[in-house]
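Colleague: First, the structure itself, so that you have it in front of you.
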Amino acid sequence: MQAHEENVWKATLGIAEAYLAAEAGGACLDARTPEQLLAEVPFGLPEEGLALEDWVDRLKQVMAATPSSSSPRFVNQLFGGRIPEAVAADMLALLANSSMYTFKAAGAQVLVEQAVLGRLLTAAGMSGGEGSFVPGGSAANLAAMLMARNRAVPASRDSGMGGVRGTVYTSVESHYSIRKNAGILGLGRKHVRLIPVTGDGRMDVPALDAAIAADLRNGFVPVLVNATAGTTVRGAFDDIAATGAVAHKYGVWLHVDGALGATVLLSPKWQHLMEGLAAADSLAWNPHKMMGLALQTSVVLVREQGLLAGSLDETADYLFQSHADDFNPGHRSLLCGRRNDALRLWSAWCRIGDRGWEQRVDRQMALAAYAAERIRVGPQLALLEPPPLINVCFNRVGVPAEAVCTALDRYGEIKIGYGQVGETTGIRLVCANPEIGEAGIDVILEACLKVEV
Ligand SMILES: *Cc1c(COP(=O)(O)O)cnc(C)c1O
């Protein structure tokens, strides 16, 4: 068994080396269509197990056809880049294959998770609170919305909504998970009030106030106000303090969706963007975005202890058999079995330190400012707005954003996306991967200008 495992590891390192070499050479954005890949890559599963070399060959083919999100030419998503110490820790986490529900099953990994959650809570100014790792920002928002629903309609956890019409408030430019979650939670997607934004993409606070007041007059029960810290397309920050003041005026839960933007809390220079967070009951934060960790590294943080368990705990004699509840995070989780998402963050933090995260955020912001300035002064490119965060939205003059992005993808040059900025559709360049550097940004902008559409 041991020799077998060693051989597999050695072969896998070979596959990884080939992948890293291809990535360094820029040959990591395979431009083949799904139809071509289906014809050229052996996806079918064999009846008899393959020999090791053939297995290696198949994995290599699949990896060669997989876009690398760490490529300097991948700016399609809100994440990018790789922290080797985090990837290594992930591999070690797989060796132990812990399920993070109990100390009995996961041992020290539970304490690692507690250390990380404690540090994130401190960064958020919620050190008396609690947190839970969740599979993504959508799930972090789900957990927050569940707690808010149970606070606003206490019978709902056991008996359902019983005809109560609970409403949720979020800006029209917030993440779609708010609406999706309202559907999941039995609140109803129609009961999500999409509040308009001002010209800079921030929730219109007087409009929020008016919407809540109107709903109260009409017999609705406001459940949650969501302020987005870093909207998905534009990176806009809602005014958390003003939003919180309205939420509290009506006694409504304030959640901050900081899936993208909460990482600025780690930079003294940029944490002012999160001003007003002291008013929040809960915060969603995706370290897998600006902190450069693998998906999914996401947490939901809650100011008050006990609320996660109040909405998520179940008794299970077959699972919770020893140690205090504090050391059994399964009591506070959306999931039962749960993979270890904490070790990679802890491992990266040990190497990078508070100082390193601060520098990383400052660098990402500087790169976004650089890109914005290049676009502003360059001919044939139009900056749509000064970037509030790391998202730089622009257009190639006279060419639809969609055409530019699709052509760059078709030629396997660059993966970059587009989105809606007010009335305009713009190309969205996300400076999540600090390794891209100024030179990489120049390459991307040049390609946007030159690509044949
Ligand atoms: C990315 C994002 C989410 C969703 O996070 P996932 O991890 O993809 O589920 C939620 N809100 C905002 C503002 C985001 O940018």
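The values are calculated or read from the model by the stated rules, or taken from the named source; none is laboratory data. Computed from a predicted model, the values in this text were never measured in an experiment. Reconstructed Cβ throughout: ideal geometry from the backbone, glycine too, with neighbour counts over all protein chains shown. For the accessible areas, the whole protein counts, side chains as well, though only heavy atoms, and no ligand, DNA or RNA atoms are used. Shrake-Rupley method; radii C 1.70, N 1.55, O 1.52, S 1.80 Å.
Colleague: What are the residues in the stretch 161-187 that are part of a strand (DSSP E or B) and among the aromatic types (Phe, Trp, Tyr), if any?
Modeller: Pass one, the stretch 161-187, residues part of a strand (DSSP E or B): 166-171.
Of everything in the stretch 161-187, just one residue is part of a strand (DSSP E or B) and among the aromatic types (Phe, Trp, Tyr), namely TYR169.
Colleague: Of all residues in the stretch 226-257 being without any contact (Cβ under 8 Å) to a residue 60 or more places away in the chain and either within 11 Å of the ligand (Cβ to nearest atom) or part of a loop (DSSP other than H, G, I, E, B) (or both), which is surrounded by the most Cβ atoms within 10 Å (Cβ to Cβ)?
Modeller: ALA227
Colleague: May I pose another question? Looking only at the stretch 200-225, which residues are open to solvent by less than 40 Å² (accessible area, probe 1.4 Å) and away from the ligand (no atom under 16 Å from the Cβ)?
Modeller: First, pick out the residues of the stretch 200-225 that are open to solvent by less than 40 Å² (accessible area, probe 1.4 Å): 201, 203, 205, 207-209, 211-215, 220, 222-225.
Hits for the stretch 200-225 are VAL205, ALA207, LEU208, ASP209, ALA211, ILE212, ALA213, ALA214, ASP215, PHE220, PRO222, VAL223.
Colleague: If you don't mind, there's one more thing I want to ask. Suppose we filter the stretch 343-364 for residues that are surrounded by 17 or more Cβ atoms within 10 Å (Cβ to Cβ) and within 13 Å of MET291 (Cα to Cα); how many remain?
Modeller: So the count comes out to 13.
Colleague: Within the stretch 121-138, take every residue that is buried (at least 23 other Cβ atoms within 10 Å of the Cβ) and not in a loop (DSSP other than H, G, I, E, B) and give me the one that is nearest to the ligand (Cβ to nearest atom).
Modeller: Ranking the candidates gives GLY137 first.
Colleague: Same structure, new question: Go through (1) in contact with a Gly (Cβ under 9 Å, 6 or more places away or on another chain); (2) surrounded by 20 or more Cβ atoms within 10 Å (Cβ to Cβ); (3) within 22 Å of VAL377 (Cβ to Cβ) one by one and return the number of the condition LEU449 breaks.
Modeller: (2)
Colleague: Taking the stretch 170-189 as the search range and keeping residues that are touching a residue at least 12 places away in the same chain (Cβ under 8 Å) and basic (Lys, Arg), which one is nearest to the ligand (Cβ to nearest atom)?
Modeller: Checked the stretch 170-189; the qualifying residue nearest to the ligand (Cβ to nearest atom) is LYS180.
Colleague: Answer with yes or no whether SER298 is closer than 22 Å to LEU389 by Cα, at pLDDT 95 or above, among the hydroxyl-bearing types (Ser, Thr, Tyr) and surrounded by fewer than 23 Cβ atoms within 10 Å (Cβ to Cβ). Give the steps one after another, and end with the answer.
Modeller: Working: closer than 22 Å to LEU389 by Cα: yes; at pLDDT 95 or above: yes; among the hydroxyl-bearing types (Ser, Thr, Tyr): yes; surrounded by fewer than 23 Cβ atoms within 10 Å (Cβ to Cβ): no.
Against the criterion (closer than 22 Å to LEU389 by Cα, at pLDDT 95 or above, among the hydroxyl-bearing types (Ser, Thr, Tyr) and surrounded by fewer than 23 Cβ atoms within 10 Å (Cβ to Cβ)), SER298 does not qualify.
Colleague: What number of residues within the stretch 321-362 are assigned to a helix (DSSP H, G or I) and of a type in the set (Gly, Ala, Ser)? Give the derivation first.
Modeller: Initial filter on the stretch 321-362 (assigned to a helix (DSSP H, G or I)): 325-327, 329-332, 342-362.
Narrowing the set further to residues that are of a type in the set (Gly, Ala, Ser) leaves 330, 342, 347-348, 353, 356.
Number satisfying all stated conditions: 6.
Colleague: When the residues of the stretch 291-312 are filtered to those that are in contact with a His (Cβ under 8 Å, 6 or more places away or on another chain) and of a type in the set (S, T, N, Q), which remaining residue is farthest from the ligand (Cβ to nearest atom)?
Modeller: Among those residues, the one meeting the criterion is THR297.
Colleague: Are any residues in the stretch 330-342 in contact with a helix residue (DSSP H, G or I) (Cβ under 7 Å, 6 or more places away or on another chain), touching a residue at least 40 places away in the same chain (Cβ under 8 Å) and open to solvent by less than 50 Å² (accessible area, probe 1.4 Å), and if so, which ones?
Modeller: Correct list: ARG332, SER333, ASN340, ALA342.
Colleague: Any residue that is open to solvent by less than 50 Å² (accessible area, probe 1.4 Å), within 21 Å of ARG339 (Cβ to Cβ), out of contact with any Ser or Thr (no Cβ under 9 Å at 6 or more places or on another chain) and within 13 Å of the ligand (Cβ to nearest atom) - is there at least one of those in the stretch 272-290? Please lay out each step first, then the result.
Modeller: First pass over the stretch 272-290, keeping only residues open to solvent by less than 50 Å² (accessible area, probe 1.4 Å): 273-274, 276-277, 279-290.
Restricting the remaining residues to those that are within 21 Å of ARG339 (Cβ to Cβ) gives 284-289.
Applying the additional criterion that residues be out of contact with any Ser or Thr (no Cβ under 9 Å at 6 or more places or on another chain) yields none.
Within the stretch 272-290 (the criterion being open to solvent by less than 50 Å² (accessible area, probe 1.4 Å), within 21 Å of ARG339 (Cβ to Cβ), out of contact with any Ser or Thr (no Cβ under 9 Å at 6 or more places or on another chain) and within 13 Å of the ligand (Cβ to nearest atom)), the answer is no, since none of the residues qualifies.
Colleague: Moving on to the next point. Just for the stretch 63-82: of the residues that are open to solvent by less than 50 Å² (accessible area, probe 1.4 Å) and not in a loop (DSSP other than H, G, I, E, B), which one is nearest to THR33 (Cα to Cα)?
Modeller: PHE74
Colleague: Where residues in the stretch 83-98 are over 16 Å from HIS288 (Cα atoms) and of a type in the set (A, V, I, L, M, F, W, C), which of them is least open to solvent (accessible area, probe 1.4 Å)?
Modeller: First pass over the stretch 83-98, keeping only residues over 16 Å from HIS288 (Cα atoms): 91-98.
Retained after the next criterion (residues that are of a type in the set (A, V, I, L, M, F, W, C)): 91-96.
Working: MET91: 79, LEU92: 104, ALA93: 10, LEU94: 106, LEU95: 106, ALA96: 65 Å².
Going through the qualifying residues, I end up with ALA93.
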